[in-house]
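One structure is given here, and the rest of the page talks about it.
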Amino acid sequence: MTDLIKTRVENGVMFVVMNRADKMNAITQAMYLGMTQAFQQAREDDSVRAVLLAAEGDSFTAGNDIADFMRLGQVDGNLVDSDVFKFLKALADLDKPLVAAVRGRAVGVGLTMLLHCDIVVVAKDAKLSAPFINLALVPEAASTLLMPRVIGHPRAFELFALGETIDGGQAYEWGLANRAVPMAAVEAVARDFAERLAQRAPNAVRQTKRLMRDAEGMWDLMQREGEIFSNQMKSPEALEAFTAFMQKRQPNFG
Ligand code: COA
């Protein structure tokens, strides 16, 4: 497993920690694979009763690594077979409680993955955004259904289409998080949630999560989104957006 994803189990809680702080934890294919393997292990290991997703450094994650997007955009084949989609499937299939500890930036998949977490603790000053359309892409991770369901269509559309940032306090008010706390308290509050969940009757927790989340339906939608995402990723407008990011300039969509 890549050392960019660190895992450990303590008190029935598996910690899955993104560890690429110098790139704001932008997620590479190897990191998706690392998280997929961790979630699979969490499902199979009876001693794991809850999973806590966290990150080293100042940011939760700046989303998918954009250099990886460019590489993937040039490769033939179905994006749905890639490690990103294996990760998304593992996220939908994870039937043990998933707690997220979010400080700093949560961009793109960094925000949409929170829609699959059962408990979300954000820093009040966290910065969350889903700028898929800024990159000439479409939202993924079943967020085209889950985001409007949680925050309503108008807010969800604005978030996606304009790619603007909301803070942790706003995320809490809109129902995207269970708690918004001072940055220094995020990990401890998230850990407390996870440890309390780990003490509950494991099968009752698992069955409740299965009843509340339609893993198969989520995966169907993820694949439909993935097809359109994949086509967009290979488009001239996406190439312009990725190149602009690498060159630290604004894109020009003509
Ligand atoms: N992919 C690859 N590298 C990324 C990255 C990403 N998604 N996000 C940040 N980084 C890298 C930057 O290239 C930079 O690396 P460098 O120091 O080697 O130049 C480093 O992380 C710090 O980022 P920087 O842009 O300098 O920080 P900032 O505070 O000025 O801006 C963001 C923070 C999150 C607003 C900005 O980095 C950004 O827009 N990132 C892209 C987010 C994105 O669009 N993700 C995909 C969503 S679908």
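Computed on the chain, with alpha-carbon pairs under 8 angstrom and 6+ residues apart, the relative contact order is 21 percent.
Note on Lys96: aspartates and glutamates with a C-alpha under 15 Å away, same-chain residues under 8 apart excluded, are Glu44, Asp45, Asp46, Asp118, Glu195, Asp214.
Ligands, DNA and RNA are left out, and with a 1.4 angstrom probe the accessible area of the chain is 46 Å² per residue.
Give Lys86/Lys124; Lys89/Lys234; Lys23/Lys127 a once-over and call out the pairs whose C-alpha atoms are over 24 Å from each other. Over 24 Å Cα-Cα: Lys86/Lys124. Compared with the direct C-alpha span, the chain from Glu164 to Ile228 gains 20.8 nm at full extension, assuming 0.36 nm per residue.
The HN-Hα couplings worked out from phi for segment 152-162 by the Karplus form 6.51 cos²θ - 1.76 cosθ + 1.60 (θ = phi - 60°) are x, 4, x, 5, 5, 5, 4, 4, 6, 6, 9 Hz, whole numbers, x standing for Gly and Pro.
Per-residue packing, averaged as other Cβ atoms within 10 Å, sorts the ranges 94-106, 56-68, 175-187 into the order 94-106, 56-68, 175-187, beginning with the highest. Rolling a 1.4 angstrom probe over the chain with all protein chains present gives an accessible area of which 51% lies on carbon and sulfur atoms.
Which residues in segment 124-155 have a backbone N closer than 17 Å to a point placed 7 Å from the Cα of Glu173 along the Cα-to-Cβ line? Residues 124-129, 151-155 qualify, since their backbone N sits under 17 Å from the label point. Summing Cβ point charges (Lys, Arg +1; Asp, Glu -1) relative to the Cα centre of segment 52-162 gives a dipole of roughly 360 debye. Counted residue by residue at 0.36 nm each, then reduced by the alpha carbon distance between them, the extension gain from Glu44 to Ala215 reaches 59.9 nm.
Taking the average, over residues, of other Cβ atoms within 10 Å as the packing measure, peptides 113-120, 18-25, 160-167 rank 113-120, 18-25, 160-167 from highest down. Each part reduced to its alpha carbon centroid, segment 194-221 and segment 1-22 end up 21 Å apart. Computed from backbone phi, the HN-Hα couplings of segment 29-39 come to 4, 4, 6, 4, 4, x, 6, 4, 5, 5, 5 Hz, rounded to whole numbers (Karplus: 6.51 cos²θ - 1.76 cosθ + 1.60, θ = phi - 60°; Gly and Pro given as x). For Lys127, nonlocal amide neighbours, meaning residues 5 or more places apart or on other chains whose placed amide H falls under 5 Å from its own, are Gly104, Arg105, Ala106.
The values are calculated or read from the model by the stated rules, or taken from the named source; none is laboratory data. Just so it is clear, the model here is predicted, and its values are computed rather than measured. Cβ atoms come from the backbone with ideal geometry, glycine included; neighbour counts cover every protein chain shown. We work out accessible area using only protein heavy atoms, side chains counted, and drop any ligands, DNA or RNA first. Shrake-Rupley method; radii C 1.70, N 1.55, O 1.52, S 1.80 Å.
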